[in-house]
Structures are given as C-alpha cells and as structure tokens.
1. Ranked from highest to lowest mean number of other Cβ atoms within 10 Å per residue, what is the order of the peptides 21-32, 72-83?
2. What FRET efficiency would be calculated for the residue pair LYS108, MET66, taking the C-beta separation as r and a Förster radius of 30 Å, to the nearest 0.05?
3. What figure, in Å² to the nearest 10, do you get for the accessible area of GLU98 with a 1.4 Å probe and non-protein molecules left out?
4. At a Förster distance of 25 Å, what's the computed FRET efficiency of LYS117 paired with ASN138, Cβ-Cβ distance as r, to 0.05?
5. Distance in nm between label sites at GLN129 and HIS94, each 7 Å beyond Cα in the beta-carbon direction?
Amino acid sequence: VKTAVMARQIAREVREATGYRFIYKRCRETSATTRTFIFFCAQLSGEETKQRLVEDPKKQRMRMKMDRFACNGWLRVAFTNDDATIARIRITHHHVHEPYTDINLGIKEKSLIQELKHLAPSKVTRALQIWDKILAENPDNEFTEKQVYHEW
C-alpha cells in the first residue's frame, strides 16, 4: 500500500514538473521482489474513455473533448522489496503537446454542494437537485453530473 501511495505521489510531482497528467493503469509484479506501477498520459490517443449520454435531452450537453495525441506517454514507477523510499522512474513521452487542462469542480461548486447536502430531505432530496442548481447558475460549465454526485 505504501508503494502505491508513493507511486501516485510521484505521478503528481511529474505533472507539476512537466504539465502532463499521468493516469494509473495497472500494477505489475515484474519479479518476485519488484512491483511496477504503470501510468499513461491523460492525453494519449487510444486511452480515452467513451462518453455516455444522459437520457433526458434537457440535460444533454455537447462537451468539448480534450485533444488527444500519439505521444506514447507512459510513466513507470518500480519499487523493490516494497521499499517506498527508493523508486526507479521511467518516463516515455515522444512528442511535445499542450499541457493537460483540469476540469475538476471549482471551489464555488464544491461549497454549494457542501451547503446543500446538509439541508433536510424535503428541501434537497437528491444530488440531481444540486446538479440542476449548478446548471442553472452556470449552464456552460464542463462538469458532469457524476462529478457532482461523487462530491455529494
């Protein structure tokens, strides 16, 4: 567990240094004593997730997709003997491209969710009502209903 936490911390540090975000893909036991955590560039073409549309047409929005690149961006972090203090780091990134753009919920939206989630059920019965309020205040946002539900 310590090595997994450290591998994710290294991926965050690489993002701070390079502007490229690396997403966890898998962990491989490369030998009896070595564990390798593998991450891919968030903008690597072929690794994107398929978007699902919401059934209600009023809530369907055209979302801008992040540009994808054939950058062959991979980050491998290997630890030996579950020692989280020493890591072998290998970064592969063949092509320079624009840095990752973060589309996480903003402070305003998070505080609204925190404020509304403590109200009585008669006033706010579901996370959907919070989502509707966010849409009413900012219809052009890039957030998803799933992000709001997760924060709720």
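The values are calculated or read from the model by the stated rules, or taken from the named source; none is laboratory data. Everything numeric in this text was worked out from a predicted model, so none of it was measured. Quick reminder, even Gly has a Cβ in these numbers, built from the backbone with ideal geometry, and neighbours come from all protein chains shown. Calculation scope for accessible area: heavy atoms of the full protein, side chains included, ligands and nucleic acids excluded. Shrake-Rupley method; radii C 1.70, N 1.55, O 1.52, S 1.80 Å.
1. Per-residue Cβ counts within 10 Å, averaged per peptide and sorted highest first, yield 72-83, 21-32.
2. 0.85
3. 90
4. The value I calculate is 0.85.
5. That separation, rounded to one decimal, is 5.3 nm.
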